[in-house]
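Worksheet: the structure to be examined is printed underneath.
What follows is calculated from the coordinates using simple rules that are stated; it is not laboratory data. On a predicted model such as this, the values are computed, not experimentally measured, just so you know. Positions of Cβ are backbone-derived with ideal geometry, glycine not excepted, and every protein chain shown enters the neighbour counts.
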Amino acid sequence: MSEKMHLLKHAIVVAVSSNYVSKVVGLASLSLASIVIDETIGLIKRYFWQNYVTELEVSNSDKCYHWLLQWISKYNEHLLHFSVTTVCRNTESGHATSKFDYEPSSGEHMFKYKGHTIRVKRDRSSMISSEYGSRPYETLNLSTWGRNRQVLNEILEEGWCSAFHKIYSIDFPSARLYAMSVMELGTTLMVPSYDTWHNFGEPRIPRSLSSVILDEGVIENILKDIHDFVDDQSWYLERGIPYRRGYLLYGPPGCGKTSMIMALAGEIKYNLCVLSLNDSKMSDDQLVQLMGEVPSKSFVLLEDIDAMFANRDGKTVIEGSTKVTLSGLLNALDGVVSSECRILFMTTNYVDRLDSALIRSGRVDYKQYIGTCSDHQLSQMFIRFRPEGTIDDKSRFVKDVRKYSKPVVPSHLQEFFLLHRHKELNYVFEHINDLWQNVQD
Ligand code: ADP
């Protein structure tokens, strides 16, 4: 036993004196030192970050997210890491255009702005999930040394103005003022994205009411009704009546239903939430959720409602591939709305195909037929497109069109005037027949 103890003692002495243990001890102290250094650096960084770095975070749910990204890539032409999006648009004349939008790619970028170093960090890795699916959640972080909110504000403003400069092709110095005024006056189109509403494109310069030519009093009356409704919130609330109003515009296609709604929205500075029930992903529950989340100061537009509910039994619809049912739509229309007003516009080419439940009073409070051109519309459209014409020319135009005893759709008339815009007036009179021949159905 004492011999064993002796051997053990000897082994310990050998081990302690050997290089092996001293190496282990050395390594352990090195790691400890590096942990302490890391922690200290982290602490110092955090301290500086909190006290000497200004940071701005923008998420992709905010309007300025894409404006800022585009401005950053435009401002930094030497940027090497970027991503591209191809944007296709249909112009009013029906031509398709496409262009490339460049944006900084995911990760970190640095650039100088008015002498300040700006760090940009774009993170595209997260998703937000809801019962209606997942959508990408992206963030953009701009940071700079110093307590310097001003410089980040300036970047925001410049990104904003640059977006408007691009859209409306106006001089950069006046873009800021202009951007302000368009934000004030512009109409933003909004479309559903999963369970909420998202901007579709940039705010548009609203179409003027005077550019939509309808029979006398039609626009004035509907505008007065909207104004009365918007000004009457307390009347509804005091009586416990849901504060909402529905308008149905019906009549043949191309007579100005959509144009009028756009112009009305612009006139009262409202946005337009466009709902397409033919979206195959849309469900009854989602519709209720969307209706409950309509942003304030917005019209809701349901276009061509007859195409969605061709059958009358309230079951899933035949035309289109929508999952939305008539009863689901009725629920959504009657659902809880906030105390803000809800103004709904529905359009249809065939009012007689609509289920009476959909257009009963309370769901539709104001119906307006928008039809083919009356004499008044013919003469107003003539003046608008041929301002050089005399009063006699105007009367002759109406008389000549009426000789054919065929109805004239305003969109065809617009097409006719566009086609002959560089021709003499006499030529126009001689070719009135084109109104029914050259137009595409
Ligand atoms: P609808 O919604 O009745 O089908 P739109 O409003 O979409 O018709 O009109 C289609 C095109 O015709 C638009 O470019 C619009 O400028 C023109 N248009 C139609 N009706 C009118 C009108 N009453 N006044 C001025 N333009 C009109």
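Using label points projected 7 Å from each Cα along Cα→Cβ, tell me how many nm separate Ile205 and Glu55, to one decimal.
4.1
Order of 187-199, 34-46 by packing, highest average Cβ count within 10 Å first?
Per-residue Cβ counts within 10 Å, averaged per peptide and sorted highest first, yield 187-199, 34-46.
Quick one: net charge of Tyr404's neighbours, Cβ under 15 Å, K/R +1, D/E -1? All intermediate terms of the calculation are to be shown ahead of the outcome.
Working: positive: Arg396, Lys399, Arg402, Lys403, Lys406; negative: Asp375, Asp400, Glu430, Asp434.
Net of charged neighbours comes to +1.
List the residues whose amide H sits under 5 Å from the amide H of Arg342, counting only those 5 or more places along or on another chain, with H placed 1.01 Å from N in the peptide plane.
Under 5 Å from the amide H of Arg342 lie the amide H atoms of Arg244, Arg245, each far enough along the sequence or on another chain.
Could you order peptides 228-235, 380-387 by the average number of other Cβ atoms within 10 Å of their residues, highest first?
Details: 228-235: 12.8, 380-387: 16.1.
The peptides rank, most packed first, as 380-387, 228-235.
For a 28 Å ceiling on Cα separation, which of these pairs sit above it: Lys257/Lys399; Lys74/Lys257; Lys269/Lys399; Lys112/Lys269; Lys394/Lys423? Intermediate results must be reported in sequence, preceding the final value.
Values: Lys257/Lys399 26 Å; Lys74/Lys257 39 Å; Lys269/Lys399 39 Å; Lys112/Lys269 38 Å; Lys394/Lys423 16 Å.
In this structure, Lys74/Lys257; Lys269/Lys399; Lys112/Lys269 exceed 28 Å between Cα atoms.
First select every other residue whose beta carbon is under 15 angstrom from the beta carbon of Gly246; then total the charges, Lys and Arg +1, Asp and Glu -1. Write out the running numbers ahead of the final one.
Details: positive: Arg244, Arg245, Lys257, Arg342, Arg360, Arg363, Lys367; negative: Asp225, Asp228, Glu303, Asp334, Asp355, Asp365.
Residues near Gly246 contribute +1 overall.
Check each of the trypsin sites (Lys or Arg not before Pro) in segment 394-440 and keep only those in coil by DSSP with at most 16 other C-beta atoms within 10 angstrom; list them in order. Intermediate values should be presented prior to the final figure.
Working: sites: Lys394, Arg396, Lys399, Arg402, Lys403, Arg421, Lys423; in loops: Arg421, Lys423.
In loop regions of segment 394-440 (DSSP not H, G, I, E or B), the sparsely surrounded trypsin sites (Lys or Arg not before Pro) are Arg421, Lys423.
What does the charge count around Leu32 come to, taking other residues whose C-beta lies under 13 Å from its C-beta (Lys +1, Arg +1, Asp -1, Glu -1)?
With Lys, Arg at +1 and Asp, Glu at -1, the neighbours total -2.
Output wanted: per-residue J couplings in Hz (rounded whole) for segment 71-83, from phi through Karplus 6.51 cos²θ - 1.76 cosθ + 1.60, θ = phi - 60°, x for Gly and Pro.
5, 4, 6, 6, 5, 10, 5, 8, 4, 9, 10, 9, 10
What is the packing order of peptides 102-109, 217-224, taking the mean over residues of other C-beta atoms within 10 Å and listing the highest first?
102-109, 217-224
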